[in-house]
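> So that we are looking at the same thing, I have put the structure below in structure tokens.
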Amino acid sequence: MAKRARRQEPDEPDDDRQVIGRRVLRLRTERGLTQRALAEPAYTAAYISTLEAGRVRPSETALRYLADRLGVSFQELTTGQPAHLATDLRLRLTDARQALCAGDGAEAAERYAALAAEAHRLGLPAEHAIALVGLGDCALETGELDRAIEHFQAAEDQLADAPLPQRVPALRGRAVAHLLAGELRYSCYLLESTIDRLNAEGLPDPAALLLLYSTVIAPYMDMGAQARAARAAELALALAPQVADPALVARMHRGVARTLLAEGRAVEADASLARAQELYQQLGIRSELAHCHWMRGYLRAQDGEVAQAERELRTARELLARPRATLYTAQLDVELADVLRRRGHGAEAERLLSQLLGELTVARGAVHAGGAHRLLGLITEERGDLAGAEQHYRTALTLLEPAGAAGDLADLCRLLGDLLRRTGRTEAALDVYRTGLVHRAAPGRTTLGPAPADPPR
């Protein structure tokens with residue numbers, strides 16, 4: 001006999017107990033089961049009667065038992081939606097991620113928005129959260145930080161009752177948005193506190209921890225906390241063999257390369273970057289591949305190979321240019337301008353930085369704007385305009401101080417102090433040097449508390 005089609009369930013979301021009770025009753029009746037036949041051996045007929053009447057809220061254990069007895073998925077029993085809907089939605093979420101990886105952020109954002117609305121309508125919170133994280137990533141690419149934070153926060157709210165590892169991608173996205181906004185200290189706090197919670201709650205999920213340790217390296221380095229960055233890199237390397245996701249492993253190698261470079265281990269840094277670049281090329285992740293070229297350009301610049309550095313940075317810029325990933329490109333342009341200045345192309349560097357500053361605001365991209373003013377100060381000073389250089393240095397200090405970028409602040413104080421000393425203002429120079437020493441002593445004070453504890457062995 002052919003199965004009778006299931007009729008559409010009435011939309012009565014006023015009481016979950018009654019909705020689930022009616023669903024159990026309908027499914028049991030369709031299968032010709034008595035309450036006793038459905039209940040035994042784990043439960044009683046009286047319990048099923050109470051449940052179907054909507055007078056009890058069944059536990060997850062009870063729902064999984066009943067789903068198995070009724071021949072449906074746990075998801076279908078709890079939401080009324082067949083399991084294939086979630087599977088189909090996840091496949092389309094993967095397609096949206098591929099569009100973002102390929103550099104088509106506008107198309108990815110449209111797909112994610114439609115999928116978020118569909119997941120919400122179908123009552124699929126996990127898929128809804130994935131779509132919201134995707135929308136947040138799209139907003140990061142275009143520099144819309146406030147919107148990105150809203151999407152990531154909405155994803156966290158959607159998963160409020162889920163285990164912490166499931167919320168990590170959204171938490172990590174919010175931390176990156178605050179980092180790009182120049183809120184280094186708060187970015188560190190979000191990442192460190194999540195790492196501690198994972199370890200304290202006995203949830204040392206390798207993939208979640210690898211994502212967090214790889215991400216926290218950048219704000220540590222920007223704040224001059226090299227020791228913490230090195231420890232995070234060490235822990236990330238130890239976790240990598242336990243993680244199957246190549247994109248996560250590639251991101252880890254890119255972050256680790258930065259700490260190796262800071263320790264003067266250029267050959268090892270280059271090897272990590274090469275591994276990350278290889279993985280990103282295989283995965284077709286355009287923006288992350290751009291970051292690898294960017295870091296290799298920085299590495300070449302540190303070695304004095306400025307021509308090779310310029311090639312790497314221009315390749316990175318081209319990869320990020322479709323669409324223009326505003327804040328990432330801004331930081332990249334500062335690096336490229338530095339290389340151009342060192343190659344003797346000061347005028348071109350100045351034009352690039354001036355254009356960059358026209359696109360940034362104090363509330364959005366302050367750290368990058370501070371870097372641009374620092375370079376403009378160097379260019380202006382080399383031209384002999386000491387008053388103009390001083391103004392750029394002081395503007396950079398004003399932009400960077402709220403962010404707590406200790407290493408950059410100490411360097412700026414040195415540059416400004418040297419300029420003041422050359423112009424005969426010795427006392428003013430000493431004051432600036434002292435301020436620089438205070439900033440140099442700041443590493444380690446990145447959050448409200450101590451560094452996160454290592455995972456339990």
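> Report yes if some residue within segment 107-120 is in contact (Cβ under 8 Å) with a residue 40 or more places away in the chain and either farther than 23 Å from residue 291 by Cβ or in contact with a Gly (Cβ under 7 Å, 6 or more places away or on another chain) (or both); otherwise report no. Steps first, please.
Residues of segment 107-120 in contact (Cβ under 8 Å) with a residue 40 or more places away in the chain: none.
For segment 107-120, residues in contact (Cβ under 8 Å) with a residue 40 or more places away in the chain and either farther than 23 Å from residue 291 by Cβ or in contact with a Gly (Cβ under 7 Å, 6 or more places away or on another chain) (or both): absent.
> If I filter segment 275-290 for residues that are within 18 Å of residue 222 (Cα to Cα), in a helix (DSSP H, G or I) and in contact (Cβ under 8 Å) with a residue 24 or more places away in the chain, do I get at least one hit? Step through it out loud before you land on a result.
Going through segment 275-290, the residues within 18 Å of residue 222 (Cα to Cα) turn out to be none.
No, that holds for no residue.
> Still on this structure, please answer the following. Determine whether residue 56 is in contact (Cβ under 8 Å) with a residue 40 or more places away in the chain and either of a type in the set (Val, Ile, Thr) or touching a strand residue (DSSP E or B) at 6+ places or on another chain (Cβ under 8 Å) (or both).
Details: in contact (Cβ under 8 Å) with a residue 40 or more places away in the chain: no; either of a type in the set (Val, Ile, Thr) or touching a strand residue (DSSP E or B) at 6+ places or on another chain (Cβ under 8 Å) (or both): yes.
No: the conditions fail for residue 56.
> I'd like the full set of residues that are of a type in the set (A, V, I, L, M, F, W, C), within 19 Å of residue 36 (Cβ to Cβ) and in contact with a Lys or Arg (Cβ under 8 Å, 6 or more places away or on another chain), limited to segment 53-76.
56, 70
> Is there any pair with a first residue in segment 162-179 that is closer than 15 Å to residue 130 by Cα and a second that is of a type in the set (Phe, Trp, Tyr) whose Cβ atoms are under 6 Å apart and which are 6 or more apart or on different chains, and what are they?
170/152; 173/152; 174/152
> Return only the number of the condition from (1) buried (at least 17 other Cβ atoms within 10 Å of the Cβ); (2) closer than 18 Å to residue 21 by Cβ that residue 115 does not satisfy.
(2)
> Helices (runs of 4 or more DSSP H) wholly in segment 339-410 with at least 3 residues that are surrounded by fewer than 18 Cβ atoms within 10 Å (Cβ to Cβ) and of a type outside the set (A, V, I, L, M) - which ones?
346-359, 386-400
> Mind telling me which of the residues 138, 188 ends up being surrounded by 24 or more Cβ atoms within 10 Å (Cβ to Cβ), assigned to a helix (DSSP H, G or I) and in contact with an Asp or Glu (Cβ under 9 Å, 6 or more places away or on another chain)?
138
> Select from segment 148-185 the residues that are among the small types (Gly, Ala, Ser), part of a helix (DSSP H, G or I) and out of contact with any Asp or Glu (no Cβ under 9 Å at 6 or more places or on another chain) and write down the one among them that is nearest to residue 359 (Cα to Cα).
That would be 175.
So that you can scan it fast, the table gives a plain yes or no per residue for (1) at pLDDT below 85; (2) acidic (Asp, Glu); (3) touching a Phe, Trp or Tyr at 6+ places or on another chain (Cβ under 7 Å); (4) farther than 15 Å from residue 180 by Cβ:
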position: 296; (1), (2), (3), (4): yes, no, no, yes
position: 316; (1), (2), (3), (4): yes, no, yes, yes
position: 342; (1), (2), (3), (4): no, no, no, yes
position: 351; (1), (2), (3), (4): no, no, no, yes
position: 379; (1), (2), (3), (4): no, no, no, yes
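> Find the residue count for segment 142-153, including only residues that are over 11 Å from the mean Cα position of the chain (by Cα) and either surrounded by fewer than 19 Cβ atoms within 10 Å (Cβ to Cβ) or farther than 21 Å from residue 90 by Cα (or both).
8
> Any idea which of (1) among the aliphatic types (A, V, I, L, M); (2) closer than 29 Å to residue 137 by Cβ; (3) without any contact (Cβ under 8 Å) to a residue 40 or more places away in the chain is the one residue 102 doesn't satisfy?
Against the list (1) among the aliphatic types (A, V, I, L, M); (2) closer than 29 Å to residue 137 by Cβ; (3) without any contact (Cβ under 8 Å) to a residue 40 or more places away in the chain, residue 102 comes up short only on (3).
> May I pose another question? Got a sec? Which of 254, 172, 258, 228 is of a type in the set (Lys, Arg), crowded, with 18+ Cβ neighbours inside 10 Å and in contact with a Cys (Cβ under 8 Å, 6 or more places away or on another chain)?
Criteria check complete, one pass: 254.
> Can I ask one more? Could you grab me the full set of residues in segment 50-97 that are closer than 30 Å to residue 113 by Cβ and in contact with a Phe, Trp or Tyr (Cβ under 6 Å, 6 or more places away or on another chain)?
Selection gives 96 alone.
> Ok, one more. Kindly establish whether residue 264 is at pLDDT below 80, out of contact with any helix residue (DSSP H, G or I) (no Cβ under 8 Å at 6 or more places or on another chain) and either crowded, with 22+ Cβ neighbours inside 10 Å or not β-branched (Val, Ile, Thr) (or both). Explain how you work it out, then say what you get.
Details: at pLDDT below 80: yes; out of contact with any helix residue (DSSP H, G or I) (no Cβ under 8 Å at 6 or more places or on another chain): yes; either crowded, with 22+ Cβ neighbours inside 10 Å or not β-branched (Val, Ile, Thr) (or both): yes.
Yes; evaluated as a whole, the condition is true for this residue.
> When the residues of segment 81-119 are narrowed to those that are part of a helix (DSSP H, G or I) and among the acidic types (Asp, Glu), which ends up modelled with the highest pLDDT? Talk me through it step by step, then tell me what you get.
Kept after step one, since they are part of a helix (DSSP H, G or I), are these residues of segment 81-119: 83-101, 105-119.
The next check asks that each one be among the acidic types (Asp, Glu); those that pass are 88, 95, 107, 110, 118.
On the way: 88: 83, 95: 88, 107: 89, 110: 93, 118: 89.
Filtering first and then ranking leaves 110.
The values are calculated or read from the model by the stated rules, or taken from the named source; none is laboratory data. Here the structure is a predicted model, which means the values were calculated and not measured. Methodologically, a virtual Cβ is constructed for each residue, glycine included, from the backbone with ideal geometry; neighbour enumeration extends over all protein chains shown.
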